[in-house]
Amino acid sequence: MSHEIPSIQWNDLSKTEKYQSVHLHWNALIDKDVDDIANLANAAALLKDVFGWWWVGFYRIMKEELVLGPFQGPVACTRIGKGKGVCGTSWLESRTIVVPNVDEFPGHIACSSQSKSEIVVPIYHQSGEVWGVLDVDSEYLNHFDQTDQIELEKFCRSLEIILS
Ligand code: SME
């Protein structure tokens, strides 16, 4: 199935309008007949396309650590331990973490010196166990707020439905 994202000047839209577009396109993009990688790759590409964030991608729990999954942006560290960095802390504490300034987060793992702020949202199995995380980095300080948290959590809930 193909689904073309119309060429839109995303910068002309408000943050709320961008998230509305993301949810709309995501519902059309989801393909229940392919594996997780295909859907997660499109999810990362959609978010990167609409918001232009520095880095957006997924880490999956494999053998008791987070392993890099589909992403858009510069190369990133491949493995993160439970409780390590923002991603590992989000997994350990099973909660979204908004970091206004990465230099002030103890143990932050710097994959890129360009990254200044970050949001990490846990993704769950249907059982309620953490499956992995969505990680988004910005090259600007204080880039993520409560709207991002609410909307990205909503986005992750819609992802969980198709994860194996
Ligand atoms: N900063 C993250 C590591 C992943 S990269 O940002 C892509 C962390 O502290 O967990």
Among Phe58, Phe71, which is the only one that is in contact with a Pro (Cβ under 7 Å, 6 or more places away or on another chain), among the aromatic types (Phe, Trp, Tyr) and either within 16 Å of the ligand (Cβ to nearest atom) or at pLDDT below 95 (or both)?
Phe58
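For every residue, the table says whether it meets (1) assigned to a loop (DSSP other than H, G, I, E, B); (2) closer than 27 Å to Asn11 by Cα; (3) among the hydroxyl-bearing types (Ser, Thr, Tyr).
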| site | (1), (2), (3) |
| --- | --- |
| Leu46 | no, yes, no |
| Val67 | no, no, no |
| Ala76 | yes, yes, no |
| Arg95 | yes, no, no |
| Ser115 | yes, yes, yes |
Please tell me if Leu141 is outside any helix (DSSP H, G or I), over 16 Å from Phe71 (Cβ atoms) and at pLDDT 95 or above.
yes
Counting only residues that are near the ligand (Cβ under 8 Å from one of its atoms) and surrounded by 15 or more Cβ atoms within 10 Å (Cβ to Cβ), segment 100-111 contains a total of 5
When restricted to Ile80, Ile162, Ile119, the only residue of a type in the set (A, V, I, L, M, F, W, C) and surrounded by fewer than 18 Cβ atoms within 10 Å (Cβ to Cβ) is Ile162
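The values are calculated or read from the model by the stated rules, or taken from the named source; none is laboratory data. As the structure is a computational prediction, the values presented were derived from the model and not from experiment. Glycine also receives a Cβ, built like all others from the backbone with ideal geometry; neighbour counts cover every protein chain displayed.
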